[in-house]
Amino acid sequence: MLERIYKIWLILAGGALCSASLMAQPQSIWTDFGYIKNSDAWLTSENASGLNNLKIGKISLAEAFFNKSDGEFINFYQSSNSYAFGGQTESFFRLNEKVVLYGKMNYANFSGKNMGGSTLIDPYYNPFDIVEYADSTAGTKKMETYDLNGALSVHLWHGIFLGLKANYKTISYFKIRDLRHINDLMDMSVTAGIHYKFKKIVDGGINYYYRKTTENTRYESIGNTDQQFNSLISYGSFFGAQENFVDGDTYTGSGDNNPFFNKFQGVSFQLDFLPENSFRFFNELGFKWRNGYFGKESLTSKKFTRNEGDIFQYRGLISRTYKDCFHQLEIKLEQERLTNYTITSKPETSTDGNTTYVYISESKVLSRTVFNASLVYTGSLQVNQNNPGWVVNVGAYFYQKDQTAIVYPDFRKQTINQLMADASLKRNIVSQNNMYSFWLGGTYGSGGGTEKEDGSYSAGSSSSADTLDRYLYREYEYFTASRITGKAGFRYSRMMPKNLRIYGDIQYSYTKAFSIEYIGDTFGQLAVGIGCLF
């Protein structure tokens with residue numbers, strides 16, 4: 001039922017955007033969607049009130065894609081042989097001089113072979129992971145994603161702008177081999193913001209953020225019922241407790257439908273300096289708080305864990321326009337701290353036969369800090385009617401994870417550092433009703449840290465923790481091994497009547513890693529797409 005409602009929304013929203021686009025003032029026939037979207041920092045801000053900075057009447061795209069990936073240079077939960085297909089639409093539309101609308105819809109269908117490891121959609125999002133113990137149970141996994149986004153900006157009065165944004169995503173993820181898992185994710189977020197033009201050269205804004213996610217997990221076996229399946233409840237770095245697949249109140253209990261629940265709330269502030277028409281310095285500072293649990297928050301159901309954390313984010317964009325060139329430098333910083341606790345409880349049955357859970361205590365099992373930083377330069381050169389002739393990108397990215405997993409009295413510490421650098425060059429050549437786009441790029445990455453540092457808070461005690469170190473080594477090598485990636489692509493675009501532009505593109509990327517011991521050393525991906533802009 002939910003899927004049917006979602007598809008109806010897609011049809012209605014897509015039809016509304018297409019109809020509206022016919023009423024809006026036309027832009028240059030070769031206007032580049034990516035250039036427009038990234039030419040003003042407010043258009044990609046969490047605060048939707050800045051959508052009113054849209055400089056053109058409208059621009060929309062619709063496209064379909066197919067990807068094929070092969071290779072063994074993959075993380076412990078990924079596929080060495082997979083494909084994906086889907087489509088998306090995206091649109092900016094100025095309804096009138098006071099109202100701007102934004103919409104985006106995505107659909108993706110993924111299928112991957114030889115997949116084991118984590119049974120969760122994203123093993124790094126939740127505060128712990130559930131990992132299949134044996135490589136022999138790896139099989140085909142499928143995932144289907146629907147994603148709907150909408151935003152609105154209204155000029156209320158004398159430089160005051162109001163913005164609203166909503167996102168709704170559903171994911172269905174399942175494995176076609178015992179031990180089977182069936183995951184259903186609901187991810188919903190809303191924001192409400194306002195900004196005010198204090199002076200001609202200064203804009204300021206504030207934005208409220210709310211997000212809720214629920215990933216329901218269920219496990220089952222429909223093959224040989226005599227076979228035993230084990231999972232590791234990994235509190236971090238593949239260090240935790242082993243669990244058998246049996247009936248009962250367990251993480252992977254047969255027939256249970258236990259949810260991962262996470263809730264985020266936060267606020268962000270925007271400050272935009274425009275001392276002159278050709279120069280801009282945009283700043284966005286955000287703070288978020290998260291909490292959640294695994295299980296069911298009810299006296300008659302068991303809650304296994306609870307978590308809490310905070311997130312700090314900063315985004316700064318310095319841009320400069322000079323003649324027919326647009327230069328932009330983007331700085332991003334993000335730090336997330338997360339703590340997870342296991343809950344000890346016991347069931348009690350009353351005289352009338354009802355069972356309730358009495359919570360006894362809780363123990364800290366994870367302390368994790370993740371830090372991300374990036375510095376990216378984009379140069380759009382020989383820009384003609386919002387279409388750059390050349391696009392240059394140079395970026396540097398840093399990732400660090402520092403965590404301690406605890407099964408008292410034992411602990412495991414781990415640190416992972418990764419540094420990536422990339423560069424790309426794109427060329428657009430317009431010839432009458434045709435445009436030819438070529439791009440080349442390359443990436444280099446490497447890292448380091450500490451795979452594991454095991455110890456005990458109580459000297460002389462015997463270890464009580466279960467581990468899966470072969471996955472630990474694979475993950476660590478995937479993040480820290482030196483690698484190079486080459487990328488190349490081509491797009492042909494053709495202008496049709498009524499300013500409708502159709503295109504087809506193809507691109508390929510190939511990664512080669514060095515000094516590999518635990519995983520493969522190559523990975524390639526081919527992507528093809530067709531679409532239209534209007």
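The values are calculated or read from the model by the stated rules, or taken from the named source; none is laboratory data. Note that the structure is a prediction, hence the values are computed from the model and not measured. When we count neighbours, we look across all protein chains shown, and the Cβ atoms used for this are built from the backbone with ideal geometry, even at glycine. Ligands, DNA and RNA are excluded from the accessible area calculation, which covers all protein heavy atoms including side chains. Shrake-Rupley method; radii C 1.70, N 1.55, O 1.52, S 1.80 Å.
A helix-only calculation puts the chain at -2500 deg cm²/dmol for mean residue ellipticity at 222 nm, using -39500 (n - 2.57) for each DSSP H run of at least four residues, averaged over all residues. For Asn428, the shell of other residues with beta-carbons less than 10 Å away shows a net charge of +2, using +1 for Lys and Arg and -1 for Asp and Glu. The residues of the range 212-363 have, on average, 50 Å² of accessible surface per residue, using a 1.4 Å probe with all protein chains present. Taking θ as phi - 60° and the Karplus parameters 6.51, -1.76 and 1.60, the scalar couplings of the range 70-85 work out to 8, x, 9, 7, 9, 6, 5, 10, 8, 9, 8, 8, 9, 9, 8, 9 Hz in sequence order, x denoting glycine and proline. Residue by residue, the range 506-517 carries 3J(HN,Hα) couplings of 9, 8, 9, 10, 9, 10, 10, 9, 10, 6, 8, 10 Hz when phi is fed to the Karplus relation 6.51 cos²θ - 1.76 cosθ + 1.60 (θ = phi - 60°); x denotes Gly or Pro.
Between Tyr124, Ala41, Thr140, the Cα set farthest toward the positive side of the dipole of the range 32-142 (charges on each charged residue's Cβ, about the Cα centre) is that of Ala41. Here the relative contact order of the range 112-227, from alpha carbon pairs under 8 Å that lie six or more residues apart, stands at 20 percent.
Applying the criteria of a DSSP loop state and at most 13 other Cβ atoms within 10 Å to the GluC sites (Glu not before Pro) of the range 243-336 yields Glu297. Counting only protein heavy atoms and a 1.4 Å probe, the range 438-534 has 53 square angstrom of accessible area per residue.
Taking amide H as placed 1.01 Å from N in the peptide plane, Leu468 has no amide H partner under 5 Å among residues 5 or more places away or on another chain.
Pull out a ≥ b ≥ c, the square roots of the eigenvalues of the alpha-carbon gyration tensor of the range 21-136, then state rounded if a/c is under 1.5, prolate if not and a/b is larger than b/c, and oblate in the remaining case. In terms of gyration-tensor shape, prolate.
Compute the relative contact order of the chain as a whole-number percentage, counting only Cα pairs closer than 8 Å that sit 6 or more residues apart in sequence. This gives 12 percent for the chain. Accessible surface of Thr217, taken over heavy atoms with a 1.4 Å probe and every protein chain present, rounds to 0 Å².
Please give the length that would be gained between Leu425 and Ala396 if that part of the chain were fully extended, namely 0.36 nm times their separation in residues minus their C-alpha to C-alpha distance (nm, one decimal).
Result for the pair: 8.9 nm of gain on full extension.
For the range 400-415, backbone phi angles converted through the Karplus equation (6.51, -1.76, 1.60; θ = phi - 60°) give residue-by-residue couplings of 9, 10, 10, 9, 10, 9, 10, 10, 4, x, 9, 8, 9, 9, 8, 9 Hz, Gly and Pro being listed as x. Roughly speaking, to the nearest percent, how much of the chain's 1.4 Å accessible area is carbon and sulfur? Solvent-exposed carbon and sulfur of the chain make up 57 percent of the total.
Suppose the chain between Asn291 and Thr355 were pulled fully straight at 0.36 nm per residue; how much longer would it get relative to their current alpha carbon spacing?
20.3 nm
Could you work out how much longer the chain between Gln382 and Tyr125 gets when fully extended? Use 0.36 nm per residue separation minus the Cα distance between them, nm to one decimal.
88.4 nm
Which of rounded, prolate, oblate describes the range 47-94, given a ≥ b ≥ c as roots of the alpha-carbon gyration tensor eigenvalues and a/c under 1.5 marking rounded, otherwise prolate only if a/b is larger than b/c? Intermediate values should be presented prior to the final figure.
Details: a/c = 5.22, a/b = 2.49, b/c = 2.10.
Because a/c hits 1.5 or more and a/b exceeds b/c, the range 47-94 counts as prolate.
Counting charges near Trp439 (Lys, Arg +1; Asp, Glu -1) among other residues having Cβ under 9 Å from its Cβ returns a value of +4.
Annotation: Cα Rg of the range 262-329 relative to the compact-globule expectation 2.2 N^0.38 Å equals 1.91. Based on the Cβ-Cβ distance of Tyr510 and Leu333, what FRET efficiency does E = 1/(1 + (r/R0)^6) give at R0 = 25 Å, to the nearest 0.05? Calculated value: 0.20. Cross-link pairs exceeding 32 Å between alpha carbons, from the set Lys113/Lys165; Lys113/Lys332; Lys165/Lys364; Lys323/Lys512; Lys68/Lys364; Lys104/Lys197: Lys113/Lys165; Lys113/Lys332; Lys165/Lys364; Lys323/Lys512; Lys68/Lys364. Working from label points 7 Å from Cα in the Cα-to-Cβ sense, the His155 to Asn81 distance is 5.8 nm.
Rounded to the nearest 0.05, the FRET efficiency derived from the C-beta distance between Ala527 and Leu500 at R0 = 22 Å is 0.40. Once Rg and the Kirkwood radius are both taken over the C-alpha atoms of the range 381-470, their ratio Rg/Rh works out to 1.39.
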